[in-house]
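*Asks:* Sharing a structure, written as structure tokens. Questions coming.
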Amino acid sequence: MSFSKSKEGQVLSKPLIGANPIMVQTLGVCSALAVTVQLKPAIVMSLCLTVVLTMSNVIMACIRNFIPGKIRIITYMLVISTLVALADQILKAYVYDISKTLSVFVGLIITNCIVMGRAEAFAMTNTPKMALLDGLGNGAGYSIVLLAVAFFRELFGSGKLLGTKVVPQALYDMGYVDNGLLMLAPGAFFIIGILIWVSNSLYKGER
């Protein structure tokens with residue numbers, strides 16, 4: 001049996017599109033609206049959430065048999081908040097400008113529905129290995145949507161990618177105008193809606 005068809009392969013690959021946390025479960029939408037005006041902050045946010053999600057999943061899977069049911073939510077919060085605090089300090093030390101751009105949204109990973117949901121729904125009932133794959137898969141699925149939204153918003157909203165102008169001046173001379181709506185939250189909603197429509201069309205009848 002190939003890895004892609006194995007249980008491990010399904011856990012890793014299904015969240016990419018088939019069970020994408022944003023497009024299918026509509027989780028983590030707030031950050032998809034707030035940090036996707038440019039690609040750079042979206043890339044950093046994607047990395048932060050993926051690392052926190054993966055590490056918290058593994059930690060919870062390792063200690064799940066030692067956590068009383070009554071305090072499991074508090075334990076999730078403690079583990080996740082510790083990881084987020086570390087991530088926030090690393091960002092401030094090495095990419096301070098992007099850290100300022102992301103503002104409170106890195107800290108809000110603590111209450112991100114994807115991170116909390118995977119800890120409760122998966123990590124607490126599976127092995128560390130499976131929890132690792134689940135964290136990577138859901139982190140990658142979240143990142144795909146975040147980067148796609150940021151790509152289209154920055155390109156068509158400001159004519160730039162990664163802060164560099166990519167739309168030729170000749171187009172502007174011909175009357176091309178950047179779409180200012182894409183720089184606002186409603187623009188992100190439109191893009192996410194299109195992605196959800198495409199996802200539902202591809203997987204129609206399979207969910």
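Only the coordinates and a few stated rules stand behind these numbers; no lab work does. Since the model is a prediction, treat every value here as computed from it, not as a measurement. Positions of Cβ are backbone-derived with ideal geometry, glycine not excepted, and every protein chain shown enters the neighbour counts.
*Asks:* Compare K160, K70, K92 in a GNM of the chain, Cα atoms joined below 10 Å, and give the one with the largest fluctuation.
*Replies:* Ranking K160, K70, K92 by mean-square fluctuation puts K70 first.
*Asks:* Please compute P(r) over all alpha-carbon pairs of segment 38-131, binned at 10 Å starting from zero, and give each bin as a whole-number percent.
*Replies:* Spelled out per bin, shortest first, that is 17, 47, 25, 10, 0.
*Asks:* Kindly provide the helix-only [θ] at 222 nm of the chain, computed as the sum of -39,500 (n - 2.57) over DSSP H runs of four or more divided by all residues, to the nearest 500 deg cm²/dmol?
*Replies:* Dividing the helical sum by the residues of the chain leaves -20500 deg cm²/dmol.
*Asks:* In cubic angstrom, how much convex hull volume per residue do the alpha carbon atoms of segment 133-207 span?
*Replies:* Normalising the Cα hull of segment 133-207 by residue number yields 119 Å³.
*Asks:* Now for a different question. Rg and Dmax of segment 77-154 over Cα atoms: what are they, in angstrom?
*Replies:* Cα only, segment 77-154: 14.1, 40 Å (Rg, Dmax).
*Asks:* Right, here's the next one. Give me the tail of P(r) for the chain as a percent: Cα-Cα pairs with distance above 26 Å.
*Replies:* The calculated P(r) of the chain puts 40 percent of pairs beyond 26 Å.
*Asks:* For segment 160-175, what does the Karplus curve 6.51 cos²θ - 1.76 cosθ + 1.60, with θ = phi - 60°, yield as ³J(HN,Hα) per residue in whole Hz, taken in order and with x for Gly and Pro?
*Replies:* Per-residue couplings from phi come out as 10, 9, 6, x, 9, 5, 10, 7, x, 4, 4, 5, 5, 5, 8, x Hz.
*Asks:* List, in order, the whole-Hz ³J(HN,Hα) value for each residue of segment 25-35 obtained from phi through the Karplus relation with A = 6.51, B = -1.76, C = 1.60 and θ = phi - 60°; use x for Gly and Pro.
*Replies:* Per-residue couplings from phi come out as 8, 6, 10, x, 5, 4, 5, 5, 8, 8, 10 Hz.
*Asks:* For a quick check: with amide H placed at 1.01 Å from N, whose amide H comes under 5 Å from L161's, ignoring anything fewer than 5 positions away on the same chain?
*Replies:* Residues meeting the criterion, in which the H sits 1.01 Å from N, are V166.
*Asks:* Taking only complete DSSP H runs, can you tell me which helices of the chain stretch 27 Å or more along their own long axis by Cα positions and average at least 1.6 on the Kyte-Doolittle scale?
*Replies:* Both cut-offs are met by 39-63.
*Asks:* Treating the beta-carbon of each Lys and Arg as +1 and of each Asp and Glu as -1, no other charges, what is the dipole magnitude of the chain about its Cα centre, to the nearest 20 debye?
*Replies:* 500
*Asks:* Cα-based count: Lys pairs in segment 26-200 below 22 Å, eight or more positions apart or different chains?
*Replies:* The result is 6.
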